[in-house]
Amino acid sequence: MASNRGQFNSRVGFILAAAGSAVGLGNIWKFPFEVGDGGGAAFVLIYLIFCFVLCFPVMVAEIAIGRRTNKNPVGAFVSLGFPNWSIIGKLGLVAGVVILSFYNVVAGWAFGYFFEMLQGNFAIGSEFGTFIADWLKVGIYGLIFMAATAFIVSGGVQDGIEKAAKILMPSLLAIILFLVVYALTLPNAMAGVEFYLVPDFSKVNLQVIYNALGQAFFSLSLGMGALITYGSYVSKRENIISSAAIITLTDVGIAFIAGLMMFPFVFSQNLEPNGGPGLIFVTLPGVFQTLGPLLGVVIGSLFFLLLSFAALTSTVSLLEVPVSYLVDERNMPRKKAVWLTAGGIFLVGIPSLLSNGSSEFWTAFTHLPGREDPVSFMTLIEFVASDSFLPLGGFLISVFTAYVWRTASLDEEVAIGNDGFLGSPLQKFLNFGIQFLAPVILGIIFVLTVLDRFWGYNPF
Ligand code: TRP
């Protein structure tokens, strides 16, 4: 192994880091508002099916490619002998840079809310719009956040990523569970639970399906090579299947619990569930206030602090992708690669920072066919990077794995560290998933999503 590269210390270290990458703003900020916009339980059900049936095989393939090659997502394809396919890795690099650029802005909001809660400013919920339009303030929080990400990534695999994930993930889970219990005691909580868990299939349309797929990929950190990168630090003793299962269950589990916390809160306050990206920021401060001045400040600030940490283990994995590329392929020293990329991505994120009310130009950036309201720059790049590039990446990874690298090679890698795998029903499921389900369904949905998002065209 090249001397510059690291390796995870332990099985737990890898799983926590990969689960840390998966669990983030996607679970606690994005998932509840996607459920709210998508009409509730039916969205949840489609999302769950996508995660387990479509995403799981892609996740196993990403980790296996990474572990087989010990390489970044661009180098991995070259090292398997298919340099043309490194386009997948390059697409992934672009997607990662773009996603991190706006993700960091939202992480800055969460971090800023931590300070607001510390000061007992529960009214910030109703001032969310003003808060995010204050580009200077939010920009400073974002800058601090990006610097913290860079600091951890420059510590390398073991000292940085692994240690941070070990402490922070369990703490976040504990505080959300506390809030679920509290939420369920509130008046009208059951209306929220019903919205969340009793499906109304008349609300399902194609948009709901695109959003559920984009959300599944985003939440599991799939489709851009983040898990190829993390897989490249995994030892041959590990069982890829069970690791992928634990990562998926953790991620889906935390999103699910976050929803169980949000909807009772939303309904108990008589708010609308389709509050869009502001949902948690608008709803939660009012909830914390009801806990009383002391407990409210403690729980409120802890919540947003831990949410920021959850975002941090995700931004770390996003930054690690371009950094591993520069270290492996361009022989750049790790520290230099880290600060250069982090600085660059912060700059790329400035238009997103200005997209939330502070600049008319970036806020009403463009009109897309089929949509009445103009979309902001930040929304536009979310459409491109997370809704389009990630499913495209997943599609290409499954096609590559099944038909270029070949399923037999995948099976061979997966069998290392997993004695009973060959010949098991799991092998059959995995092979069917990677050869048929993933390429066909991801291919179709990718095309339909692009038609919908950018041409406003809907065939059905
Ligand atoms: N999964 C993370 C979340 O849910 C975000 C994330 C981290 C991500 N790394 C990624 C998304 C790689 C796509 C690809 O918050």
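Each value in this text was obtained by applying a stated rule to the coordinates, not by laboratory testing. Since this is a predicted model, take the numbers as computed values, not measurements. Here the Cβ is made from the backbone with ideal geometry for all residues, glycine too, and neighbour counts use every protein chain on show.
Under 28 Å Cα-Cα from K203, which lysines qualify once same-chain neighbours fewer than 8 residues away are excluded? Within the straight-line limit of under 28 Å, K203 reaches these lysines: K30. Projecting the Cα atoms of F195, A226, Y210 onto the charge dipole of the range 185-274 (Cβ charges, centred on the Cα centre) puts A226 farthest toward the positive pole. Could you state the number of Å between the C-alpha centres of the range 94-160 and the range 394-423? Distance between centres, Cα-based: 38 Å.
The range 161-200 and the range 431-459 have their alpha-carbon centroids 32 Å apart. Along the axis of the charge dipole computed for the range 2-455 (Cβ charges of +1 for Lys and Arg, -1 for Asp and Glu, origin at the Cα centre), the listed residues G276, I416, I254 are led at the positive end by I416.
Converting the Cα gyration tensor eigenvalues of the range 374-455 into ellipsoid dimensions via √(5λ) gives semi-axes, longest first, of 33, 12, 10 Å. Here the label points at A191 and V440, each 7 Å from Cα along the C-beta direction, are separated by 4.3 nm in the simple model. Using alpha carbons only, the radius of gyration of the chain set against its Kirkwood radius gives Rg/Rh = 0.95.
Ordering 266-279, 445-458, 100-113 by mean Cβ neighbour count within 10 Å, with the highest value first, yields 100-113, 266-279, 445-458. Cross-link partners among lysines for K336, C-alpha distance below 27 Å, same-chain residues fewer than 8 apart left out? Hits, sequence-local ones excluded: K71, K90, K163, K166.
A Förster radius of 30 Å, combined with the Cβ-Cβ distance separating T366 from L206, puts the computed FRET efficiency at roughly 0.85. Spatially, the range 202-236 and the range 367-382 are offset by 22 Å when compared through their Cα centroids.
For the chain, the residue among Y103, G433, T185 whose Cα projects farthest onto the positive side of the dipole built from Cβ charges is G433.
The aspartates and glutamates whose alpha-carbon is closer than 15 Å to the alpha-carbon of K137, local same-chain residues fewer than 8 away aside, are E116, E127.
Note on the range 269-350: Rg/Rh from Cα positions, Kirkwood definition for Rh, rounded to two decimals, is 1.20. Adding -39500 (n - 2.57) for every DSSP H run of four residues or longer, then dividing by how many residues the chain holds, sets the calculated 222 nm ellipticity at -21500 deg cm²/dmol.
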